[in-house]
């Protein structure tokens, strides 16, 4: 079993957030990826993140892919949902008004709770991006966007100064000789 850890810096990372309260503002250089819901406004913020998977070698059979985000601030421990983006977005130009569309298919979620790191199992998504079943347009983080409380979860982005606090994707795989890149072999995957 081999492992690749992707934890890009500001130059290589692609992450940001969009805010309904400032629908034409871009936050591409922000040091946080934000999710937020306030029913009294209603103000919403949604996070966006995408990883370059080109370092996964040809013939890899992906057994796991875990996205870890370090919490900057967390209010009322909301459930954070992760959806697949289905249209392209550009980190330094995307706004609330131009945010990507998302799939109805939920990739992952985390239950409410404390902790410095929130972990999302995105194995199926990485397998499908790597094999070309899905186009890699990244993911959107959002809250349920219902209810009476102000809830939020903010995570450090690839623009954050401390490198060990940036978004991290850990991919475990086995290399099968003679398997062309993009061939998905469902070995040990319960599906």
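Every number in this text was worked out from the coordinates using simple rules, so none of it is lab data. Since the model is a prediction, treat every value here as computed from it, not as a measurement. Cβ: placed from backbone, ideal geometry, glycine included. Neighbour counts: every protein chain shown.
Once the Cα gyration tensor of region 1-45 is diagonalised, what are the square roots of 5 times its eigenvalues, in whole Å and ordered largest first, as equivalent ellipsoid semi-axes? They are 30, 14, 6 Å, listed from largest to smallest. Inter-label distance, residue 144 to residue 43: 2.2 nm, where each label sits 7 Å from its Cα along the C-beta direction.
Per residue, the Cα convex hull of region 1-118 amounts to 138 Å³. Helix content alone sets the calculated 222 nm mean residue ellipticity of the chain: runs of n ≥ 4 DSSP H residues at -39500 (n - 2.57) each, divided across all residues, give -1500 deg cm²/dmol.
Using a cutoff of 8 angstrom between alpha carbon atoms and counting only pairs six or more residues apart, the relative contact order for the chain works out to 39 percent. Be a star and scan region 27-45 for residues whose amide nitrogen sits under 18 Å from the point 7 Å along the Cα-to-Cβ vector of residue 76. From region 27-45, the list is 34-45. Placing R0 at 41 angstrom, the Cβ-Cβ distance between residue 24 and residue 162 gives a FRET efficiency of 0.85 after rounding to 0.05. Of all the options 132, 147, 75, the one that moves most in a Gaussian network model of the chain with Cα springs shorter than 10 angstrom is 147.
Comparing mean-square fluctuations of 67, 141, 53 from a GNM of the chain with C-alpha springs under 10 Å, the top value falls on 53.
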